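*Asks:* Can you keep this structure in mind? I'll have questions shortly.
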């Protein structure tokens, strides 16, 4: 049996709020969209912006400042910065999201090829991160039609770690989703499952 004194759970030393990326006919106005169709369009494309808002608002609150803005407004700001690759509907550009954080006086840097241990070191240094992972942390799993989930394609904030006797065992993430049941605040992801989904691409925020 593992002695609980050997287990250390570390989280960013200020609150990171949880936001869902889900938009539907019931909440599109609250999310700042003029039409439900517009909101629903961005619901499945909003992980990067929801993640960015979580971290920005957490940092602003730690400074005693007001929160940033709603989901729709942040999407518009990102589009104005060409932070979303519309051609081919590829998705949010990490460097563009990092630049958007700069509008709020927050230092952010897009990095590639980080190991999970390097990610953990950033988190433990008090730097919340946005990480590129497979949705639902399902990397390597087989879908109903037989195809295997590849790494990446989804962005979520990584806000904590768990170590046992010094060994990294879990990464704590706010898993945002366009499906209600898949919105998981402070989700403790076992390291094997995380590694199977993590691309190594990270946005590091330095409060």
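*Asks:* Compute the Kirkwood hydrodynamic radius of the range 24-122, taking the inverse of the mean of 1/r over all pairs of distinct Cα atoms, and give it in Å to one decimal. Mind dumping the intermediate values first?
*Replies:* Details: mean 1/r = 0.0685 Å⁻¹.
So the Kirkwood estimate lands at 14.6 Å.
*Asks:* A further question follows. Could you line up 33, 14 from fewest to most neighbouring Cβ atoms inside 10 Å? Can you show the working numbers first?
*Replies:* Details: 33 22, 14 14.
In order of increasing Cβ crowding within 10 Å: 14, 33.
*Asks:* Separate question: Could you put 192, 38, 122, 9 in order, starting from the residue whose Cβ has the fewest other Cβ atoms within 10 Å?
*Replies:* Details: 192 10, 38 16, 122 19, 9 13.
Fewest-to-most ranking of 192, 38, 122, 9: 192, 9, 38, 122.
*Asks:* Could you give the radius of gyration (one decimal) and Dmax (whole number) of the Cα atoms in the range 127-196, in Å?
*Replies:* Cα-based Rg and Dmax for the range 127-196 come out at 12.5, 41 Å.
*Asks:* For the chain, find the longest principal axis of its Cα atoms and tell me its angle to the long axis of helix 47-62, 0 to 90°, nearest 10.
*Replies:* 70
*Asks:* Related question: Where is the GNM fluctuation largest for the chain (alpha-carbon springs, 10 angstrom cutoff): 47, 186, 69?
*Replies:* Of 47, 186, 69, the most mobile in the Gaussian network model is 69.
*Asks:* Something else: Using a Gaussian network model of the chain with C-alpha springs under 10 Å, which one of 123, 171, 12 is most mobile by mean-square fluctuation?
*Replies:* Top of the fluctuation ranking is 12.
*Asks:* Of the residues 50, 138, 120, which exhibits the maximal mean-square fluctuation in a Gaussian network model of the chain defined by a 10 Å Cα contact cut-off?
*Replies:* Highest fluctuation among the options: 138.
*Asks:* Another question about this same structure. Taking the range 1-60 on its own, what percent of its Cα-Cα pair distances exceed 14 Å?
*Replies:* On the way: 1143 of 1770 pairs.
Value for the range 1-60: 65 percent of Cα pairs lie more than 14 Å apart.
*Asks:* Something else: Restricting to DSSP H runs of at least four residues, report the calculated mean residue ellipticity at 222 nm for the chain, -39500 (n - 2.57) per run over all residues, nearest 500 deg cm²/dmol.
*Replies:* -8500 deg cm²/dmol
*Asks:* Output the peptides 103-114, 149-160 sorted from most to least packed, where packing is the average of other Cβ atoms within 10 Å over each peptide's residues.
*Replies:* On the way: 103-114: 15.0, 149-160: 21.9.
Descending mean neighbour count gives 149-160, 103-114.
*Asks:* Turning to a different aspect of this structure: On the Cα set of the chain, report Rg and Dmax in Å, please.
*Replies:* For the chain, the Cα-based Rg and Dmax read 16.8, 56 Å.
FYI, it's all coordinate maths here, none of it is from the lab. Just so it is clear, the model here is predicted, and its values are computed rather than measured. We place every Cβ from the backbone using ideal geometry, glycine too, and count neighbours over all the protein chains shown.
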